[in-house]
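**Student:** Before I ask anything, let me first share the structure, which is written out below as structure tokens.
What follows draws every value from the coordinates through simple rules; no lab data is involved. Note that the structure is a prediction, hence the values are computed from the model and not measured. Glycine gets a Cβ as well: all are built from the backbone with ideal geometry, and neighbour counts include every protein chain shown.
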Amino acid sequence: MIRTALAAALLSAAAIGPAAAQAGPRIHPLRDVAVAYRVHGTVGPGKQPEAAIVRMFWTDRGTLLRVEVQGQPGWGILNFAAKQMIMVIAPAHRYLEMPLDPARTPGLNIPPGTAMTRVGQDKVAGTPCTVWVLHGRDGSGTACVTPGGLVLRARGQGTAPPGTPGAGQPGSGSLRAISVAYGPQPAALFVPPAGFQRLDLAHIPGLSGGQRR
């Protein structure tokens with residue numbers, strides 16, 4: 001559901017997360033918030049750059065996330081507390097439930113051995129944030145993160161992590177928040193719509209046993 005452009009842009013943010021060293025930022029926002037990003041990215045040699053508007057909705061102190069990509073016929077719901085992901089296929093009125101591996105969510109985890117350096121302050125979409133320089137095993141870049149854990153800007157290059165489009169290939173990308181709205185998020189955003197049918201992964205070729213990455 002998340003396009004290659006988003007995966008590439010998040011290479012720069014993949015080095016930060018809630019399990020970061022004491023000097024580093026967290027990445028799951030503590031407050032309910034809806035944020036829209038303009039994303040650009042490329043994964044793989046000779047590939048054309050991709051661009052997209054991506055909307056994220058956070059609630060429950062950063063444990064529930066809804067992701068929408070402009071032009072895509074559905075959305076994803078990530079429940080970090082339950083380690084579950086739901087992929088909604090809107091035109092078919094159906095959805096999939098599958099395990100969520102936090103280590104395979106670029107930009108939402110912290111790879112081991114990442115060095116993080118605070119280099120200043122900035123403001124993105126009217127919101128103050130701290131600028132970090134990131135150096136990890138698979139890439140490097142910069143990110144601007146609010147004290148409450150919301151990434152507002154990220155840019156970097158590296159190797160696409162496992163479980164993402166173009167895994168193992170070089171990529172680069174950027175994301176920048178274009179709107180930020182703090183406030184309570186409707187509970188209906190984080191569950192499949194009423195009347196949608198749950199698909200059984202065991203009956204889908206290649207997804208036997210409910211395993212999917």
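**Student:** For labels at residue 55 and residue 115 in the simple 7 Å Cα→Cβ model, what's the distance in nm?
**Tutor:** Label at residue 55, label at residue 115, 4.1 nm between them.
**Student:** Can you give the local net charge around residue 182? Use residues other than it whose beta-carbon is closer than 10 angstrom to its beta-carbon, Lys and Arg +1, Asp and Glu -1.
**Tutor:** Summing Lys and Arg as +1 and Asp and Glu as -1 gives 0.
**Student:** Once amide H atoms are placed 1.01 Å from N in the peptide plane, what residues at a sequence separation of 5 or more from residue 75, or on another chain, have their amide H within under 5 Å of its amide H?
**Tutor:** Hits under the 5 Å cutoff: 88, 90.
**Student:** Calculate one ³J(HN,Hα) per residue across the stretch 116-132 by plugging θ = phi - 60° into the Karplus curve 6.51 cos²θ - 1.76 cosθ + 1.60, and present them in order as whole Hz with x for glycine and proline.
**Tutor:** Result, rounded to whole Hz: 10, 10, 6, 10, x, 10, 8, 9, 10, 6, x, 10, x, 8, 9, 8, 10.
**Student:** Using the Karplus curve 6.51 cos²θ - 1.76 cosθ + 1.60 with θ = phi - 60°, work out ³J(HN,Hα) for each residue of the stretch 83-98 in order, rounded to whole Hz, and write x for Gly and Pro.
**Tutor:** 6, 9, 10, 10, 10, 9, 10, 4, x, 8, 6, 9, 8, 10, 10, 8
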